[in-house]
Amino acid sequence: MLSKRIQTLSSSLTIAITTLAQELKAEGKDILSFSAGEPDFDTPDAIKNAAKDALDSGKTKYTAVPGVPELLQAVANKLKRDNNLEYAPNMIQTNNGAKHSLFNLLQALIDEGDEVIIPAPYWVTYPEQVKYSGGIPVIIETDDSNEFKITPEQLESAITPKTKVLMINTPSNPTGAIYSRAELEALAEVLKGTDIVVISDEMYEKLVYGGAEFTATASISEDMFQRTVTVNGLSKAAAMTGWRFGYLATPNTELIAVLNKLQSQSTSNINTLAQAAAIPGLDGTIDTVVEEMRVAFEARKNEAVELFNNIDGLSVVNPDGAFYLFVNIKEVSNDSMQFSKDLLSEQGVAVVPGVGFGSEGYFRFSFATDIETIREGIKRIATFVEGQK
Ligand code: PMP
Ligand code: GLU
């Protein structure tokens, strides 16, 4: 009965583990969860108030498929203000989360057998969405010795006549790695003269630490601007995961036209109230609140990195961005799935095994939770690791 395509699709491991942890908690078990890629902060008031105003003023109808004009303008202004990128409103589509932006894009760009280059560790969703679109994920491996970033040489040797797309995620989920301007320039050099499209997922743009600087991939050069589709959203920076708001931008208005056709036949416009709510998330209104959250994340990160690096057998690279630590467990285990399962059953601590991100020998630990829970969680992980020896 089921299509071959749907039968090869795996569930999102991050969501599966987060759900399992919630179920165990609901059964009364003592569970500490570090699996969710979700801020523990509440959505800022300005955003909630914009949604309430929209509701009260009857903004409850269908809108244009890519979003209302004020919203598209707000996205364009944000990309200009933060990233110095000039997109007109007709170069933008808003989506039900950035996950949906990526899904639409892959459906519109990929033919059966096209290759999509994905650096590992990658966000769990990338290869699954690529396969579902008929494409073939081509994985480039990285590890902590090169700060989890691909080199121009690696990119060059992954490119074949079938390469259609390169996916970049900066700052990265799960490693927090950020590509510097120079590193992006070097990758851009390799792409010159090809017709490879870059999908740049910049979801964690605002969560950057220790003086590291975020560079938008499309801002590298005119060549990169033309070939890059910028994907971003408000789930992480504005603590809006449940609202479902993301967007994509490309100077290729033909691509936007087909994406609008696809969205018109699938989900139509995104939730009208979420559109109104997103505007103060884009126009600078919540900048100070975002900065407060960033500072809190940074303090937790610094403490967590120190605590992990004090555990004999574990090590972690101090991440430049996002809100995850990608902890190296290679001295203790070469089976991150078994390690994570045993950690959950023995110590009640939920983390996501590295294998789900395409990198065995690690687990992902989200520090988007309060510091007491982080301290207690790492203490339990230390006890667990001690028992593994
Ligand atoms: N990209 C990355 C790298 C992510 O971690 C996430 C996590 N949710 C998303 C995109 C999608 O976010 P959303 O669909 O909530 O906008
Ligand atoms: N992106 C988040 C994560 O990596 C949320 C869960 C998901 O959408 O997969 O945990």
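None of the figures in this text is laboratory data; all of them are computed from the coordinates on show. The structure presented is a predicted model; accordingly, all values stated were derived computationally and were not measured. With ideal geometry, Cβ positions are generated from the backbone for all residues, glycine too; neighbour counts draw on all protein chains shown.
Size of the stretch 251-295: Rg and Dmax of its alpha carbons, in Å, are 15.4, 42.
Every pair of different Cα atoms in the stretch 67-131 enters the Kirkwood calculation, which places the hydrodynamic radius at 13.7 Å. In order along the stretch 269-281, the Karplus-derived 3J(HN,Hα) couplings, from 6.51 cos²θ - 1.76 cosθ + 1.60 at θ = phi - 60°, round to 4, 6, 3, 4, 5, 5, 5, 5, 5, 5, 4, x, x Hz, and Gly and Pro are given as x. Each residue of the stretch 75-86 was assigned a 3J(HN,Hα) from its phi angle through the Karplus expression (A = 6.51, B = -1.76, C = 1.60, θ = phi - 60°), giving 5, 4, 5, 4, 5, 6, 5, 8, 10, 6, 10, 9 Hz with x at Gly and Pro. Peptides 177-184, 335-342 ranked from most to least packed by the mean count of surrounding Cβ atoms within 10 Å: 177-184, 335-342. The simple spin-label model puts a point 7 Å past each Cα toward its Cβ; for Ser3 and Ser315 those points are separated by 4.6 nm.
In plain terms, the residue of Leu32, Leu2 with the fewest other Cβ atoms within 10 Å comes first and the most crowded comes last, giving Leu2, Leu32.
Only lysines eight or more places from Lys131 in sequence, or on another chain, were considered; those with a Cα closer than 16 Å are Lys4, Lys99, Lys162, Lys164.
For the chain, the alpha carbon positions stretch 58, 54, 53 Å along the principal axes, listed from largest to smallest. Mean projection of the Cα convex hull over all viewing directions, computed for the stretch 123-204: 5.5 nm². For the stretch 220-356, what is the convex hull (Cα atoms) projected area averaged across all directions, in square nanometres? So the Cα hull casts an average projection of 12.5 nm². Restricting attention to the chain, close to 45% of DSSP beta bridges with both partner residues there are antiparallel. In terms of the mean number of neighbouring beta-carbon atoms within 10 Å, the peptides 64-72, 275-283 order highest first as 275-283, 64-72.
Where does helix 253-264 land angle-wise versus the long Cα axis of the chain, in degrees 0 to 90, nearest 10? So the inclination is approximately 70 degrees.
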